[in-house]
1. Considering only residues that are aliphatic (A, V, I, L, M) and not in a helix (DSSP H, G or I), look in segment 135-156 and name the one that is nearest to Arg167 (Cα to Cα).
2. Of a type in the set (Ser, Thr, Tyr) and either without any contact (Cβ under 8 Å) to a residue 12 or more places away in the chain or within 21 Å of Arg140 (Cα to Cα) (or both), is that true of Ser2?
3. Is there a residue in segment 95-112 that is at pLDDT 90 or above, more than 26 Å from Ala7 (Cβ to Cβ) and β-branched (Val, Ile, Thr)?
4. Of the residues Leu88, Leu94, which is surrounded by 16 or more Cβ atoms within 10 Å (Cβ to Cβ), among the hydrophobic types (A, V, I, L, M, F, W, C) and touching a residue at least 60 places away in the same chain (Cβ under 8 Å)?
5. Here is a list: His112, His99. Which entry is closer than 30 Å to Tyr10 by Cβ and assigned to a helix (DSSP H, G or I)?
6. Just checking, does segment 51-64 include any residue being β-branched (Val, Ile, Thr), under 27 Å from Val23 (Cα atoms), touching a Phe, Trp or Tyr at 6+ places or on another chain (Cβ under 7 Å) and not in a strand (DSSP E or B)?
7. Of everything in segment 13-42, what is surrounded by 18 or more Cβ atoms within 10 Å (Cβ to Cβ) and either in contact with a strand residue (DSSP E or B) (Cβ under 8 Å, 6 or more places away or on another chain) or within 16 Å of Leu106 (Cα to Cα) (or both)? Give them in sequence order.
8. Only one residue in Asp32, Asp43 is acidic (Asp, Glu), in a helix (DSSP H, G or I), within 19 Å of Ala18 (Cα to Cα) and not assigned by TED's automatic domain parsing to the domain that holds Leu149, so which one is that?
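The values are calculated or read from the model by the stated rules, or taken from the named source; none is laboratory data. Just so it is clear, the structure is predicted and the values come from calculations on it, not from any experiment. Reconstructed Cβ throughout: ideal geometry from the backbone, glycine too, with neighbour counts over all protein chains shown.
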Amino acid sequence: MSSRLVARRYAKALLELAVKQDVLIPVQKELDAIQTLVRGNADLERLVSAPLIAPTLKASTFDAVLGAAGASTLVRRFFKVVTEAARLNHFHALVAGYHELVDAHLGIVEAHVTTAQPLSEAQTAALTETLTRRTGRTIRLKLRQEPSLLGGLQVQVGSTIYDASLRGQLAQLKSRLLSA
């Protein structure tokens, strides 16, 4: 079974528990803090990914780390189950999966925006408002610059791509001229 699929199943179980206890966002913040802690410590990163450490030893060690970090009982119990099932090596994918599920639960959609030049705050706000109206969902922008667009922007929301770039317009013009 793929890492993403395994992680998503565990993330879904955590989401259901967090919704039931009304701690959806606090759990998300805890996971982010734990992930920062793991990424910032090479020993923890090895602990998370090491397949040769016995699951019960790994569970007790990781639980001690979570306890020292001030993790909630829910998160500690959850990771105990994950670790004892020898699935802690999916930790980073699990955190990413939880974020995706929280966004879906809250109706938030990520829009990947590529621009030739940086957007001003007013342009960013107007774009967010337009995409929110168009999709009917809350939009979170992920901005990226790519000078090869020459001008304008490209927006991807889910599988839909809006191309309002100068490069895209030139490609359309070329296509029309060649087919005429």
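1. At the first step, the residues of segment 135-156 found to be aliphatic (A, V, I, L, M) are 139, 141, 143, 149-150, 153, 155.
Remaining after also requiring not in a helix (DSSP H, G or I): 139, 141, 143, 150, 153, 155.
Details: Ile139: 25, Leu141: 21, Leu143: 18, Leu150: 6, Leu153: 9, Val155: 14 Å.
Within segment 135-156, the match that is nearest to Arg167 (Cα to Cα) is Leu150.
2. Values: of a type in the set (Ser, Thr, Tyr): yes; either without any contact (Cβ under 8 Å) to a residue 12 or more places away in the chain or within 21 Å of Arg140 (Cα to Cα) (or both): yes.
In short, yes.
3. No, because not a single residue in segment 95-112 is at pLDDT 90 or above, more than 26 Å from Ala7 (Cβ to Cβ) and β-branched (Val, Ile, Thr).
4. Leu94 is the lone residue from the list that is surrounded by 16 or more Cβ atoms within 10 Å (Cβ to Cβ), among the hydrophobic types (A, V, I, L, M, F, W, C) and touching a residue at least 60 places away in the same chain (Cβ under 8 Å).
5. Step by step, each of His112, His99 is checked, and only His99 is closer than 30 Å to Tyr10 by Cβ and assigned to a helix (DSSP H, G or I).
6. At the first step, the residues of segment 51-64 found to be β-branched (Val, Ile, Thr) are 53, 56, 61.
Restricting the remaining residues to those that are under 27 Å from Val23 (Cα atoms) gives 61.
Subset that is touching a Phe, Trp or Tyr at 6+ places or on another chain (Cβ under 7 Å): none.
Checked segment 51-64: no residue is β-branched (Val, Ile, Thr), under 27 Å from Val23 (Cα atoms), touching a Phe, Trp or Tyr at 6+ places or on another chain (Cβ under 7 Å) and not in a strand (DSSP E or B).
7. Correct list: Leu14, Leu15, Ala18, Leu24, Val27, Gln28.
8. Details: Asp43 fails: within 19 Å of Ala18 (Cα to Cα).
None of the other options fit; the residue is Asp32.
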